[in-house]
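Heads up, the thing below is written out as C-alpha cells.
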C-alpha cells in the first residue's frame with residue numbers, strides 16, 4: 001500500500017508510515033498509472049464552485065454534475081479509500097477518483113498515485129469528512145467548535161476557499177473567550193498576516209496560478225477570523241487569561257495574545273498570574289524543576305509583557321513575588337515605583353522597559369471587526385452632534401481584507417497583457433466616440 005503525502009502540508013511532520021505495512025523493505029510503487037489508465041495531473045482539475053456560500057447544517061443541497069445522486073459513502077462504485085485521522089483516531093472513507101480529482105489540485109495530486117488506499121494523518125477525521133461532504137454536495141455539519149476548527153484546517157490544506165469561508169463565518173458566530181482560545185491554537189499556520197505565519201505558500205501550489213489564488217483566498221478568510229478572534233480576546237481579557245485552556249497554548253500562540261497593547265485587563269495581576277500558570281504547566285510538561293529560573297526561561301521575553309508600574313502597594317508586591325523578572329529588574333521596578341534612586345545605572349534598554357511598564361493600556365478597541373456573522377456586525381452609530389465646534393468621537397480603524405474573485409473583471413484585467421489592455425482601451429474609445 002502506498003501512502004501519499006499532501007503537497008499543501010504546512011507543518012513539519014514525520015514521515016507517514018502505512019499502518020498495514022509489515023515488511024520494512026517495502027516495494028517502491030511507481031507514481032504513474034499504467035498506459036491504459038488516464039492520469040489526472042495536479043494542474044488539470046476543473047473549477048469547482050460550491051452551490052452556495054452560506055452555512056448549511058440541516059438542509060439538503062442539489063447534486064452537481066460532478067457528484068451523481070447518492071454517491072457519497074457509496075461502496076459499490078468506490079475506487080479509492082482514505083484513512084483519515086490523527087494518531088490512533090482514524091476513520092475509513094470510500095471515495096471516487098473522477099469526482100474528487102476534479103475538485104482540488106491537492107486531491108488531483110494525491111489521486112495521481114497508483115494506490116488504492118491513501119492515508120491522511122495530518123487532518124482530524126471530522127474535518128476530512130466535512131471536506132468530502134462538501135465536495136459531494138452533502139450538507140456540512142459544523143455544529144461544534146472542534147468540528148468547525150478541524151474543517152477549517154482541512155479546507156486550507158486542500159485549497160477549498162468556499163468551505164473555509166463557511167468555517168470562518170460559523171466560528172465567528174460562536175466566538176467568546178473560551179472559543180477564541182480554541183480557535184487561536186495553531187491558527188497562525190493558516191494565516192498570511194499573523195506573526196509566525198508561513199513566509200510563502202507551498203511550492204506545488206505556487207506552480208499553478210489557480211491553486212495560488214485558492215490558497216490566498218483561504219488565508220484571507222483565516223486572517224479575518226484571526227482579526228475578530230483577537231478583538232474578542234481584547235474585550236474579554238480577564239475571562240480568557242483565567243481559563244484553563246490558556247495553559248494548552250504554545251509559546252507562539254500565547255505571544256500573539258499577551259503581547260497586544262490593546263489587551264484590556266482589569267488588573268495587571270490577572271496577566272501576571274496567567275503567565276505564571278502557563279510557565280508552571282510548561283515546566284511540568286517537560287519534566288523540569290519548578291524553579292523561578294526555569295519559569296523565566298520558559299517565558300522568555302513574555303515576562304516583560306505585564307505593565308508592572310501600573311500596580312501599587314500590595315498588588316505590586318504580589319506581582320514581584322511571582323519572580324517573573326530577574327532580581328535586578330525587580331529592584332529597578334521597586335525603585336521607580338517608590339521614586340527612589342536606582343540601585344544600578346539605568347541604561348537605555350532598562351529605561352525603555354520602565355517607561356513601557358508605566359504606560360496605561362488603551363481603553364478603545366484596536367480596530368473594528370470584520371463582518372463575518374451577525375455577532376460581528378457593527379453597532380449602530382450614535383447621532384453626530386450638530387454644533388460645528390463639538391468634538392466628534394473617534395472612529396475605529398477599519399480593517400482592510402479583500403477576497404479576490406477569480407471571475408471578476410478586476411481580476412481579469414490583472415491577467416491581461418499590455419497589448420490586450422491597449423486594444424481594449426482603443427475599442428472603448430471608439431465606442432464612446434460613436435455614442
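What follows draws every value from the coordinates through simple rules; no lab data is involved. Being a predicted model, the structure only gives us computed values, none of them experimental. Counting neighbours? That spans all protein chains shown, and the Cβs are built from the backbone with ideal geometry, glycine included.
Multiply the residue separation of residue 116 and residue 141 by 0.36 nm, subtract the distance between their alpha-carbon atoms, and state the gained length in nm to one decimal. Before the final figure, lay out the partial values.
Values: separation 25, 0.36 × 25 = 9.00 nm, distance 2.73 nm.
Stretched out fully, the residue 116 to residue 141 stretch lengthens by 6.3 nm.
Any idea how far apart residue 420 and residue 90 come out in nm if each label point goes 7 Å out from Cα toward Cβ?
4.5
For residue 356 paired with residue 173, estimate the spin-label separation in nm (one decimal), with each label point 7 Å from Cα along the Cα-to-Cβ line.
4.1
Highest mean first, what order results for 320-328, 177-185 on Cβ atoms within 10 Å?
Details: 320-328: 16.0, 177-185: 20.9.
Output ranking for 320-328, 177-185: 177-185, 320-328.
What full-extension length gain, to one decimal in nm, is calculated for residue 75 and residue 363 as 0.36 nm per residue of separation minus the Cα-Cα distance? Could you put the intermediate results ahead of the total?
Details: separation 288, 0.36 × 288 = 103.68 nm, distance 5.83 nm.
So the extension gain works out to 97.8 nm.
Please sort 329-341, 150-162 by packing, taking for each peptide the average over its residues of neighbouring beta carbons within 10 angstrom, highest first. Provide the component values of the computation, followed by the final result.
Values: 329-341: 14.9, 150-162: 25.8.
So the order, starting with the most tightly packed, is 150-162, 329-341.
What percent do you get for the relative contact order of segment 231-350 when only Cα pairs under 8 Å and 6+ apart count? Walk me through the intermediate numbers first.
On the way: 97 pairs, mean separation 25.0, N = 120.
RCO, segment 231-350: 21 percent.
Could you tell me the calculated FRET efficiency between residue 344 and residue 261, based on Cβ-Cβ distance and R0 = 35 angstrom, to the nearest 0.05? Can you show the working numbers first?
Values: r = 28 Å, r/R0 = 0.79.
After rounding, the FRET efficiency stands at 0.80.
Compare the peptides 85-92, 259-266 by average per-residue count of other Cβ atoms within 10 angstrom and give them in order, highest first. Mind showing how you got there, number by number?
On the way: 85-92: 12.2, 259-266: 16.2.
For the peptides 85-92, 259-266, the packing ranking is 259-266, 85-92.
Pull out a ≥ b ≥ c, the square roots of the eigenvalues of the alpha-carbon gyration tensor of segment 249-370, then state rounded if a/c is under 1.5, prolate if not and a/b is larger than b/c, and oblate in the remaining case.
On the way: a/c = 1.80, a/b = 1.07, b/c = 1.68.
Verdict is oblate for segment 249-370.
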